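Below is one structure, written out as structure tokens, with a few remarks after it.
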Amino acid sequence: MLLRNVFWMTSTTGLRLISGMALSVVLARQMGVQDFGLLMGWFAVGGLFAIPVNYGLGPLILREAVHQADRGAFMLQEIIGLKMAISLPIILGALLYGGIVQAPVGIMVAMLLTHVIDSYIDLFSCMLRSHGQYAAETRFATLQAALQFFVVFCGVMLSTDPLVVAAAFLGSRLLSLALLVRTMRINLNASLRPVFSNLRRTASMGFHYFVDNGIQSSLQYVDVVLLKAFAGPVAVGNYQAGMKIVVGLTQAINILVNATLPALSKQLAGRTLGWRPAVQSLLLYGGVGAILSVPLFLFAGWISTVLYGHEFSELPATLQLLAGFLLLRFIGAGSGIVLVAIGDQRMRSLAMAAGLLILVAASAVMMPRFGAEGAALSMIITYGAVASILLLTLVLRVGKTTRVVHKAEDA
């Protein structure tokens, strides 16, 4: 059963990865570095604003559907109510921000609503997963990937105007949401009517997930938002063209986590952590990271030209730097997964929070001077620090546990 579920989840990740990367290449080539950078910059702004709407409620559904199976359907209604209550002030706040900075409001609102709808899609997908409907989720992901690619592809072929493409993004998400709601009703017969009576209770239950998700999501968007402010859309276009490749490759981390975490958690139950599982995890994750990052570094120029053409002039050097960031992501994940397996998620969250502060500071120094390359350097500094914190924590945890085991043996 576990292997089958991992297969379905891996298939879902693979479909999203391939379609997402292909769509990014099409958009970049058709729109050019300036307009692509403009679109991706406001996409990041929308993602940053939408973080509270997400609230990290997907993991809450996955957890509570197991512990409170009888309340799972009603809890979904409560969570929908909470998301809707958060959405309105967020949208109003984004509009106010757009007016203050004289933003292209149409593009910004379309990108924000795209992220808001994505948060509902993620929530409903988690609901399917919590009921063991992995095959149904994969079928939906297949249709969603095809639908979103087709709609956005048609949009950019119709016009390379960023507003038209942003509208196509929004339209593709609306169609995907309608398809998923139909899937939910067929497979779960679930009511999606929002319940607003327990907003405070629902918010308190998900607050830990909100903090953890907020930090991680901020790390996905803050670099682009800062680069947009410090260096403009051309730098964003070059940086995002490279980052789309790297983010696609980091999906291998999710596959490794799905494949290794259950067995690792069982092996380390009771926090009896020794050196061997820690070293094995670092070798596995670091090895996969090296396999992916070394070719990316060596063939950055060729990859850049083949995928994006010659207009993205800053991309080869940026891509080489991002290869270093990719390796550090895998090393950090190798340490972090062991900490999660022994129940020490708090240290992982603290490391990510420290990384967010470091990213802001490094970006303020690097981005105005070096543009897209400065953004890549900022990510290397950030994730180098995060990986170091996680690795040091893991070493200290292993040392402490080993000494306790030795005392028990001596006694």
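The values are calculated or read from the model by the stated rules, or taken from the named source; none is laboratory data. The structure displayed is predicted, hence computed values, not measured ones. Backbone-built Cβ (ideal geometry, glycine too); neighbour counts: all protein chains shown. All accessible areas refer to the heavy atoms of the entire protein, side chains included, with ligands and DNA or RNA removed. Shrake-Rupley method; radii C 1.70, N 1.55, O 1.52, S 1.80 Å.
Some points to look at:
- Residues (open to solvent by 60 Å² or more (accessible area, probe 1.4 Å) and within 22 Å of Phe330 (Cβ to Cβ)) located in segment 285-317: Ile291, Val294, Phe297, Leu298, Phe299
- Considering the conditions (1) surrounded by fewer than 18 Cβ atoms within 10 Å (Cβ to Cβ); (2) modelled with pLDDT under 90; (3) of a type outside the set (Val, Ile, Thr); (4) more than 24 Å from the chain's Cα centre (by Cα), Gln34 is excluded by exactly one of them, (2).
- Scanning segment 200-220 for residues that are among the aliphatic types (A, V, I, L, M) and surrounded by fewer than 17 Cβ atoms within 10 Å (Cβ to Cβ) gives a single hit, Val211.
- Among the residues of segment 185-197, the one identified as farther than 25 Å from Gly132 by Cα and either among the polar types (S, T, N, Q) or under 27 Å from the mean Cα position of the chain (by Cα) (or both) is Ser197.
- Considering segment 141-169, the residues that are polar (S, T, N, Q) and part of a helix (DSSP H, G or I) include one that is modelled with the lowest pLDDT, namely Thr142.
- The requirement of being in contact with a Phe, Trp or Tyr (Cβ under 6 Å, 6 or more places away or on another chain), modelled with pLDDT under 90, crowded, with 17+ Cβ neighbours inside 10 Å and in a helix (DSSP H, G or I) is fulfilled nowhere in segment 109-128; no residue meets it.
- Members of segment 250-267 that are more than 20 Å from Leu17 (Cα to Cα) and modelled with pLDDT of 75 or more: none
- Failed criterion for Leu60 (all others in (1) buried (at least 17 other Cβ atoms within 10 Å of the Cβ); (2) of a type in the set (A, V, I, L, M, F, W, C); (3) at pLDDT 70 or above hold): (3)
- Where Arg193 falls short, out of the listed (1) part of a helix (DSSP H, G or I); (2) open to solvent by 30 Å² or more (accessible area, probe 1.4 Å); (3) at pLDDT 80 or above: (1)
Each row is one residue, and each column tells you yes or no for (1) modelled with pLDDT of 90 or more; (2) surrounded by fewer than 19 Cβ atoms within 10 Å (Cβ to Cβ); (3) in a helix (DSSP H, G or I).
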residue	(1), (2), (3)
Ala353	yes, yes, yes
Ala362	yes, no, yes
Met367	yes, no, yes
Leu377	yes, no, yes
Ile380	yes, no, yes
Ala385	yes, no, yes
Glu409	no, yes, yes
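- Per the conditions (1) of a type in the set (S, T, N, Q); (2) open to solvent by less than 50 Å² (accessible area, probe 1.4 Å); (3) within 18 Å of the chain's Cα centre (by Cα), the sole criterion not satisfied by Ser335 is (3).
- Looking across Arg182, Arg173, Arg200, one residue alone is under 18 Å from the mean Cα position of the chain (by Cα), assigned to a helix (DSSP H, G or I) and modelled with pLDDT of 80 or more. It is Arg173.
- Criterion violated by Phe330 - all others in (1) touching a helix residue (DSSP H, G or I) at 6+ places or on another chain (Cβ under 8 Å); (2) of a type in the set (Phe, Trp, Tyr); (3) closer than 30 Å to Gln34 by Cβ; (4) assigned to a helix (DSSP H, G or I) satisfied: (3)
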